[in-house]
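Please read the structure below before turning to the comments.
The values are calculated or read from the model by the stated rules, or taken from the named source; none is laboratory data. Owing to the predicted nature of the structure, the values given are computational and were not obtained by experimental measurement. Don't worry about glycine lacking a Cβ; one is built from the backbone with ideal geometry, like all the others, and counts go over all protein chains shown.
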Amino acid sequence: MRRCFAGDTGARGDNSKPACTVPGAVSLRRLVARPSTNADYFPIGVWLQSPRNAKRFKDAGINLYIGLWRGPTLAQLVELREAGMGLVCGQNSVGPSNRENSVIVGWMHGDEPR
C-alpha cells in the first residue's frame, strides 16, 4: 500500500503520476499560507528569536521563525517580512487579525490543558 499525503503528486513530485487522493484531504496547493511553493523547500527554523536578527539568520540558511517572545506584534511582522522570513506564531490578538499576512505560515497552540 502506498502512503500519500494531501497534495501528493507522485513519487517525483513532477505530476508524472496521478495525484494521490485521500478522502477529506485538503490539497497543499490550495492553502493560502504555506512556508514555500518551492518543491525543494525544507524548513529550518529558530525558536523565540528576535526579528531584528532575521536578516542574519536568513544569511545563515534559516528560513523560518517559530514563536516570537510576546508576539507576534505588528512591528515583528514587518521586520520578518523585510527579511523574507516565514513565521509560525501564537494566536494572540495580532496574529489572527493578520491571518492573510503572507509572513504567517502556521499557528502554534498550547500543548497543555489549562
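Considering every residue within segment 3-16, establish whether at least one is modelled with pLDDT of 60 or more, touching a helix residue (DSSP H, G or I) at 6+ places or on another chain (Cβ under 7 Å), surrounded by 13 or more Cβ atoms within 10 Å (Cβ to Cβ) and not hydroxyl-bearing (S, T, Y). Walk me through it before giving the result.
Pass one, segment 3-16, residues modelled with pLDDT of 60 or more: none.
Scanning segment 3-16 turns up no residue that is modelled with pLDDT of 60 or more, touching a helix residue (DSSP H, G or I) at 6+ places or on another chain (Cβ under 7 Å), surrounded by 13 or more Cβ atoms within 10 Å (Cβ to Cβ) and not hydroxyl-bearing (S, T, Y).
Considering only segment 66-78, I want to know if a residue exists there that is assigned by TED's automatic domain parsing to the domain that holds F42, of a type in the set (F, W, Y) and within 22 Å of T37 (Cα to Cα). Among the residues of segment 66-78, not one is assigned by TED's automatic domain parsing to the domain that holds F42, of a type in the set (F, W, Y) and within 22 Å of T37 (Cα to Cα), which makes the answer no. Checked against the criterion of being surrounded by 14 or more Cβ atoms within 10 Å (Cβ to Cβ), free of Cβ contacts under 8 Å to residues at least 60 places away in the same chain, out of contact with any Gly (no Cβ under 8 Å at 6 or more places or on another chain) and not small (G, A, S), segment 101-111 has at least one qualifying residue.
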